[in-house]
Amino acid sequence: MMFAQPAPDAWTPPRGNDVEVVEVGHYWDAVRAPKAMGERALDLLGKQGGAVIADYSTMYWLISPGTAHYWQFIRQVQVLTTTTAELTYMGVPPGHCRKGPGLHWHIPVGPNRYLTDAEQLRQTLLLAAVVEFGSGEEAIQ
């Protein structure tokens, strides 16, 4: 794995053949969810969603930095962001890597397909959690 910092003017997926470790929070934060919930969320979002990175059992949406810090916790969903107290890094596959197994772009970055609206994603993942875990307190932590 290589460590990479986004360019100061724009962010694009890594080139080459290696997964790069990128600091979260500069150009985007990420929201991680289990694959089953992620698939439900993708169905609910339809064409409204942005780019999605997938691994064997996990999906990651890219969202605008700082837009999910207020979220009420959703069971098995984690917001990855950098705070003043700690840095967070995430593996990002090369732009051409679009099939698993392993880290790949489930929905690649493209024109008009980059960041997912954080509020819309939160609502969608909450619905997916209700389907997965039941209503009420079972869906939130």
Margin query: Checking the condition surrounded by fewer than 19 Cβ atoms within 10 Å (Cβ to Cβ) and touching a Pro at 6+ places or on another chain (Cβ under 8 Å), which residue from Asp55, Asp18, Asp29 passes?
Written below: Asp18
Notebook entry, point to check: What are the residue pairs meeting all of these: first residue in region 56-67, first residue farther than 19 Å from His106 by Cα, second residue outside any loop (DSSP other than H, G, I, E, B), Cβ atoms under 6 Å, and 6 or more apart or on different chains?
Noted result: Pro65/Asp29; Thr67/Ala118
Check: Any residue at all in region 31-51 that is within 11 Å of the chain's Cα centre (by Cα), more than 19 Å from Val131 (Cα to Cα) and in a strand (DSSP E or B)?
Finding: no
Check: Of (1) touching a residue at least 24 places away in the same chain (Cβ under 8 Å); (2) more than 25 Å from Ala10 (Cα to Cα); (3) out of contact with any Leu (no Cβ under 8 Å at 6 or more places or on another chain), Ile74 satisfies all except one. Which?
Finding: (3)
Check: Give me the pairs: first residue in region 9-24 and part of a loop (DSSP other than H, G, I, E, B), second residue β-branched (Val, Ile, Thr) and surrounded by fewer than 17 Cβ atoms within 10 Å (Cβ to Cβ), beta-carbon distance under 6 Å, and six or more apart or on different chains, which are they?
Finding: Val24/Thr82; Val24/Thr88
Item checked: Residue among Ala139, Ala128 that is at pLDDT below 90 and in contact with a helix residue (DSSP H, G or I) (Cβ under 7 Å, 6 or more places away or on another chain) -> Ala139
Notebook entry, point to check: Restricting the search to region 49-89, which residues are in contact with a strand residue (DSSP E or B) (Cβ under 7 Å, 6 or more places away or on another chain), aromatic (Phe, Trp, Tyr), farther than 16 Å from Arg113 by Cα and modelled with pLDDT of 90 or more?
Noted result: Tyr89
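The values are calculated or read from the model by the stated rules, or taken from the named source; none is laboratory data. Because the structure is a prediction, the values reported are computed rather than measured. Please note: Cβ atoms are built from the backbone with ideal geometry, for glycine as well, and neighbour counts cover all protein chains shown.
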